[in-house]
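Read through the structure below, which is laid out as structure tokens, and then see the notes.
Nothing in this text is a laboratory measurement; each read-out follows from the coordinates by a stated rule. Given the structure is predicted, the values throughout are model-derived calculations rather than measurements. Glycine gets a Cβ as well: all are built from the backbone with ideal geometry, and neighbour counts include every protein chain shown.
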Amino acid sequence: MQGSPSARVRGGCLPRAVLLCLAALLVALWMTRNSHDAGEFIPAGMRYNIVLTDPVNGLERIAQSNVWNAWPDVKSREAVLQKLREDPGVPRWILNNLLTQRLYLAGDDVREFSDVLAITQMSRIGTMLERFLPYGSDVEKDHAGGLNLRHVPSSDIYYAVRGRVLILSKKRDVLIRALTLRGGDSLTEEAIDNLQREGAEDMRGTVQLAASDPLGDAFSSIAFAIRIDDDTAYAKCHAIIHDAARDRFGPLLNGAKPYALEQPLPGMIELSANFGKPLREVWASLGEALQISWLNAAQWQAWETMPADSAPTLAQTITSMIGPLGPSMRLTCAGFDVNEMFPVPVFVGTLRIPAEAVPSLAALPPPPAAANPWDSFARYNADKQLASIPLAGGPSLEPAAKIAGRDLVIGTSRVAVEKIASEKPPMAELPEQANLYLRLNPPQVVREGVTALRLFAEMDMLRGYDLQSFDEAAKGWETSAARVQEVVLIASGTDAALDVELRVMCNAPGASPKAESAP
Amino acid sequence: MTNREKSFRSNRIAVCCLALCLIASVRARAFEAGAAKVEITPPLETPLNGYGDRQGRGAIAVHDPVWARSLFISDGTTSVLLVNTDLCVINRELRDAVLKLAPAEVPKENIFLTATHTHSAQGGMSHLLVYRTVSGRFMPEVLESTAQKIAESMQSALASRKRATIGFDVTSQDNLTENRRVPGGPVDPQIGVIRVDDSDGNTIAIIGNMAAHPTTVEGADKFSISADYPGVFYNAIEAQSAPGCVAMFLNGAEGNQRPANPEKLSGWAHTEWVGNQLAAKVMEVASKITGVEAQLHVQRSTPELPRTIASSFVPATTDLATLEVDDLLLTFVPGEPCVEIGLELRRMAQARGYKAQLTVGLANDHLLYFVPRELYSTPSYECGMNMYGPAIDRWLYREFDALMSKGKPATSKPPAPESAAKIDIENGTGLKVQGSRYAIGYQRGAALADQLKEAYANKIVSRCEDGSWIPSSGMWTYAPSFLDLTPVALWRLSIGARPMLATLSNETLDTLEGIADGAGLPFDAVWLMQCAPTIAAGESIEALYQSPFCTMVAITGERAGSDQVLVGRNFDWIDAENPVVVDADPENGMRYVQVGFSWTAGAYTGMNEAGLAVAIERVESAGLPALNGPPIDMIMQEALMRDRSVAEVLTRLETVPHLRGYHVLIADAIPENARVVELGESRVTRVPSSGILLGANFPPTSVTDADYRYRRIDTLLRAKRSFESDALARIMSDKEPGRAAQQTILNAQTRHSVVMEPRFKRIHLAFPDENGKLGTPLTISLRKTTP
């Protein structure tokens, strides 16, 4: 049976079409071959290098996170969220092919990020799409001495493609520099490995700091990692202490290492610390590190030094009593006493008593014989085994101290000290080893603050508010704060570096805030 | 049964019914009474109320217990609970808590809560921060427990009620109380006594009433709980009475009264002496009282209080009440009235037909002190704590007058004065006001209300808000920046400014009160505005004034032409404010014209119907104005209202030695009679030379802007032998070519330009427009228009 001419033609065309397709496929494969590594275009020695993991999907997840609900400043929060949720104007499947697993960012301007260089590896489809993008769009060709740059005037971005690597920058010279790197000028493989190290972070990177940069006077570089999930934001950083700042941090961190920390006392702001040093040394070194003029060794020394020719002063007695205590220390702001003469924060803390330095509260110098019972002299109540100094007002303005088990309980409020001492300070340890643990309970902080401030609003004494406007504003603050469950900061240091972790845990919208979560 | 028998029988039934009804009626109207006391002593460590120097620290001992004592009385129609507590005050938190728990059988408005004002009982019951400085930390548990015990005493009194009689009388004392501010000053000699007996003649309650602070406890004992002398009084009365008798004490108009101490006793001995002496007096009277089944009558009102500069801390309305027991009137005052007010309330009551009147202070509310107007400028604690202005005494008289049921009210709220008439003048505001001094002020205040409120906001409130008038020392510096100290600062400033009212006449106070009421501002706000330039001068004169800030001149004799004396004056002021002229024609006194601004109640420039012309200018070299007396413009205002000649003004100035920092030009209708008084460290009075008297002399070489102005005016005056008023007005509007800033006679800061003719009692004035060009002059002829 003979075929018709048309069938013959079809029979002849099909193989040709297949061949053509195969040829086209081969060309496409050739054109989209992975001929370059992203690292080739990252200049070595850039001040910051950052890698974003799965940027397209990651950004979407981040934009949906409840963490943003906890951001107190509504305007700026909205601005950021708007940016995150902005429609890029490009279909998502295209973005997924243009920005694949990682996006590298590098640059020198750590303040404005004006010279940021973005590098990513496209998929083959993405590469092909980029090839056809200049046709029918506002992309202009920029020959650039044969470097074949592209310019997008509408967003003033320059980019170039090498193999499947897409390199972008706002600055043409930055892009040209990236494209003309010699072998030794690009980031080392080890550095790239470090950047790419597997992890669950959304963003990780390193920043080299100059002395004039924020924190530059203290740290020479900071490595960081950030992850934002549905209800949690997690940030961790490792900061290398600047050589010039070693003197400043040395006294605090010299020989330091992470220690087991005690569970803090319950309150709206809780702190537990252990620097491996007694309070006296922590006091002085903390002042040095934080550059607080009156927190220094000389001041402590002045307080503690006994005058040769007179009875010990109160300052001497207190400093010599508590100076050797530690190294485990806890301090908590339990809230505000809004019923006191004026609203006062209530601080209470514990200092671990070493076996060799058990303080004797009874050794406090007695008040002068002529002193009235209400005069502001330190007194020891033998029945209660409690030392206190009545100031003006009631018990929340009466600093006190009492020994409870292995700790000396101290506080600005006699009542709070008695309560903690009678309940016995918690003995459990936190799961993390570190030097400092700080936990904030934002709903409680705001609630207590609002109650205290309202007393002033009742008398028109709160700047910018009358009672009505304050009550309205306070509702907003409390609603915002209720979205955050807790903020936890954990820090530890060594001679040369400081490690800090920050966790922000939020409540899902509509969920009732958890009353208290154990640290 | 015959018809007659039937009729007789039905009549008998009717008579019986009527008799039964009458008996029932009499039975229902029987007078009943019951009394009870419940101890309200708080736990140790509770802060005690009354003395700020305790700094809120708690009690360390109980010297004697404190009590709530209640008396229930009912005439069958009206039931009353009279509660006497050994507390410093009945504050609103406590009142509300007690009334919530009070027995329902007695209407809330018939419950009278009073405090003896002991300074040694529990505080801790004030929620508002400002009161905690004296009453200590807020202790809701103490508030609740005290309220519960007071309510318990009320319940017990009610439960113990029985058929009773009540009687009253008064006696007097001359050695138990004294005026704590003025040695030998006014006291209330009266001791009031009320006795309540049951039908068997057993005494249910004896009440004493006297006006004196229970402040005999002193020194270390100030931290001991005590009822003070009322506690001794209770014990003495109850010891001398049948068991079950409850002694009660109602304090009187004790604002400036304290227990006397003629025997120079100290400590508790003094307390015992006062309490026992009072008890002896009361028992002496009580033993002679014969009780009756009296009629009770309660009147109550909740009026609006006068405006206060401390509105952030004290309420705008309060609770006033009276209780009438036949011919006895008890007047319940919600605070601490000074004795003068108590005595006047008594005079008013007696004039209305009451046999006796007892003022009961510290009742139902606590609005701090009430001082009579004549004490308002006294730098005393009572005056400082008087929150509602100098008219509070008349307010109390008027409000209590309305609550008396006997006789006819002698006072009533005067109708608002008529509106001021407008005077047409370019570039400013002119007002024609007349009537009483108050009416003159009111008309002015009402017509310029918006401007006055704006001036108050700009000159006083904003200076507190921006911190420029907040002290930079002491506790003020510890306040965190989120706190706005303005409410406290305004209150403290007003207290500080009140002594500057001293020596001013009642007429001036009337005018100031009128301005305040007309403008809807507190009195202290208007007065602070008058003091603002003086206060501001003390801190930064450069920012507010030029030196000197005016130009003024008198020409006399032949040089003044037919006038014989002419006064020219340009008033320079750094702030471009709306100039105001007020032509005031009081019903009693001289008519006068005063030129200034909306807020200036004093006279910077003015003339009266006697032809007395006054003008003042600030001269820095004469020193800083002092704050220990009225500002110069208020003194000149008094001169315009009362003085007719230069001699009288000179005499007046001798009575106010505190004045410094100003030159005053005065002239009258007597030919060549003009003077400039330089009020500096020493006083110099200058007279015209060659018919010219300049406000300030200028040195041979001009240094300041004023030197240029005065040199120019001197040159222009010497250029001609004789001037009429229009010629002088032209000189006052001179702008010397080539001179800058404030060096010309008429300059950018001139706010009014005036020529005064004392002989013809005419004043010509013009206000500049925003470009500094004077508007059409207005002439006011000062002849009296009202009889």
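What does the convex hull of the alpha-carbon atoms of chain A project to on average, in nm²? Walk me through the intermediate numbers first.
Details: hull surface 150.7 nm².
Computed as one quarter of the Cα hull surface, the answer is 37.7 nm².
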So the FRET efficiency between B:Glu144 and A:Val415, C-beta based with R0 = 25 Å and rounded to 0.05, is 0.85
Expected integer from the mean partner chain Cβ neighbour count at 10 Å over B:52-58 is 5
Volume per residue (Å³) of the convex hull spanned by the alpha carbons of segment B:27-402 is 122 Å³
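Which order do peptides B:743-755, A:33-45 fall in by mean Cβ count within 10 Å, highest first? Walk me through the numbers before you get to the answer.
Working: B:743-755: 23.2, A:33-45: 16.9.
Ranking, from highest mean packing down: B:743-755, A:33-45.
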Shielding of A:455-467 by other chains, given as the mean Cβ count within 10 Å, works out to 5
Fewest to most Cβ atoms within 10 Å: B:Leu627, B:Leu250, A:Leu19 sort as A:Leu19, B:Leu627, B:Leu250
In terms of the charge dipole of chain A, which places +1 on Lys and Arg and -1 on Asp and Glu at the beta carbon, the residue among A:Leu59, A:Ala210, A:His242 farthest towards the positive end is A:Leu59
If the chain between B:Tyr381 and B:Ala457 were fully extended at 0.36 nm per residue, the gain over the current Cα-Cα distance would be 24.6 nm
Per the charge dipole of segment B:120-163 (beta-carbon charges, Lys/Arg positive, Asp/Glu negative, Cα centre), the residue among B:Leu129, B:Ala159, B:Met139 reaching farthest to the positive end is B:Ala159
Long-range alpha-carbon pairs in segment B:594-723, meaning those over 16 Å apart, account in percent for 65 percent
Protection proxy (average C-beta count within 10 Å per residue), highest first, orders A:294-300, B:260-266, B:640-646 as B:640-646, A:294-300, B:260-266
For segment B:447-537, the percent of all C-alpha pairs falling in each 5 Å bin, from 0 up to the bin holding the max distance, is 3, 13, 24, 23, 18, 11, 6, 3, 1
Between the residues B:Thr704, B:Ser481, B:Ile555, the Cα farthest towards the positive end of the dipole of chain B, that dipole coming from +1 and -1 charges on the beta-carbon of Lys, Arg, Asp and Glu, is from B:Ile555
The ³J(HN,Hα) series, computed from each phi in segment A:357-370 with the Karplus coefficients 6.51, -1.76 and 1.60 at θ = phi - 60°, rounded to the nearest Hz and given as x for glycine or proline, is 9, 6, x, 10, 5, 5, 7, 4, x, x, x, x, 4, 7
Excluding residues fewer than 8 positions from A:Lys419 in its own chain, the aspartates and glutamates with Cα under 17 Å of it are A:Glu270, A:Asp337, A:Asp383, A:Glu398, A:Asp407
Here the FRET efficiency for A:Leu133 versus B:Lys773, based on Cβ atoms and R0 = 56 Å and rounded to 0.05, is 0.20
Rounded to one decimal in nm, the spacing of the 7 Å Cα→Cβ label points at B:Glu418 and A:Ala44 is 10.1 nm
Counting Lys and Arg as +1 and Asp and Glu as -1 over every other residue whose Cβ sits under 9 Å from the Cβ of B:Glu736, the net charge comes to +3
What the 10 Å binned alpha carbon P(r) of segment A:259-342 shows, as percent of pairs per bin from 0, is 16, 33, 34, 15, 1
From fewest to most C-beta neighbours within 10 Å, the residues B:Tyr604, B:Tyr708 line up as B:Tyr708, B:Tyr604
For segment B:27-402, the dipole about the Cα centre with charges only on Cβ (Lys and Arg +1, Asp and Glu -1), to the nearest 20 debye, works out at 400 debye
A:Glu190 and B:Ser481 label points (each 7 Å along its Cα→Cβ direction) are spaced in nm at 4.8 nm
CD proxy, 222 nm, chain B: helix-only mean residue ellipticity via -39,500 (n - 2.57) per DSSP H run with n ≥ 4, per residue, nearest 500, stands at -9000 deg cm²/dmol
Taking a ≥ b ≥ c as the square roots of the Cα gyration tensor eigenvalues, with a/c under 1.5 meaning rounded and otherwise prolate when a/b beats b/c or oblate if not, segment A:375-464 comes out oblate
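In peptide B:303-312, what is the residue-averaged number of other protein chain Cβ atoms found within 10 Å of each Cβ?
Per residue, the number of nearby Cβ atoms from other chains is 1 on average.
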The residues B:Asp53, A:Asp375, A:Asp54, sorted from fewest to most surrounding Cβ atoms within 10 Å, come out as B:Asp53, A:Asp375, A:Asp54
Bounding extents of chain B in its principal axis frame from Cα atoms, largest first in Å, are 121, 78, 48
Dividing the alpha-carbon radius of gyration of the protein assembly as shown by 2.2 N^0.38 Å, where N counts its residues, gives 1.29
Around B:Ala439 (Cβ within 15 Å, Cβ-to-Cβ, excluding B:Ala439; K/R +1, D/E -1) the net charge comes to -3
To the nearest 10 degrees, the tilt of helix A:467-482 (Cα long axis) against the first principal axis of the alpha carbons of chain A is 60 degrees
The helix B:339-351 Cα axis meets the longest alpha-carbon principal axis of chain B at an angle in degrees, between 0 and 90 and rounded to 10, of 70 degrees
Filtered hits (aspartates and glutamates, Cα-Cα < 14 Å from B:Lys432, offset >= 8 within chain) -> B:Glu418, B:Asp424, B:Asp583, B:Asp585, B:Glu587
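Taking a threshold of 21 Å on the Cα-Cα distance, which of the pairs B:Lys735/B:Lys773; B:Lys108/B:Lys355; A:Lys141/A:Lys170; B:Lys108/B:Lys408; A:Lys402/A:Lys424; A:Lys384/A:Lys424 fall above it?
Result: B:Lys108/B:Lys355; B:Lys108/B:Lys408 exceed 21 Å.
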Helix B:392-402 sits off the longest principal axis of the Cα atoms of chain B, rounded to the nearest 10 on a 0 to 90 degree scale, by 50 degrees
Note on segment A:368-433: contact order normalised by length, alpha-carbon pairs under 8 Å, 6 or more apart, percent, works out to 20 percent
Among beta bridges assigned by DSSP with both residues in chain B, the antiparallel ones amount in percent, to the nearest 5, to 80 percent
Other residues with Cβ under 9 Å from the Cβ of A:Val152 give, with Lys and Arg +1 and Asp and Glu -1, a net charge of -2
Scoring segment B:27-402 by relative contact order with C-alpha pairs under 8 Å, at least six apart, yields a percentage of 18 percent
Taking only Cα atoms of segment B:545-781, the Rg to Rh ratio with Kirkwood Rh works out at 0.93
With +1 at each Lys and Arg Cβ and -1 at each Asp and Glu Cβ, the charge dipole magnitude of the protein assembly as shown around its Cα centre, to the nearest 20 debye, comes out at 2360 debye
Per 10 angstrom bin, beginning at 0 and ending with the bin that holds the maximum distance, the Cα pairs of segment A:353-410 fall in percents of 22, 50, 23, 5
Measuring from its Cα centre, chain B shows a charge dipole (+1 at each Lys and Arg Cβ, -1 at each Asp and Glu Cβ) which, in debye to the nearest 20, is 1400 debye
For B:Lys149, counting only lysines whose alpha-carbon sits under 16 Å away and dropping same-chain residues fewer than eight positions off, the answer is B:Lys37, B:Lys100
Given a Förster distance of 25 Å, the FRET efficiency implied by the Cβ-Cβ spacing of A:Asp460 and B:Thr302, rounded to the nearest 0.05, works out to 0.60
Percent relative contact order for segment B:545-781, counting Cα pairs under 8 Å at least six residues apart, stands at 25 percent
In order over segment A:155-169: 3J(HN,Hα) from phi, Karplus 6.51/-1.76/1.60, θ = phi - 60°, whole Hz, x for each Gly or Pro, gives 10, 6, 10, 9, 8, 8, 10, 10, x, 9, 8, 9, 10, 10, 7
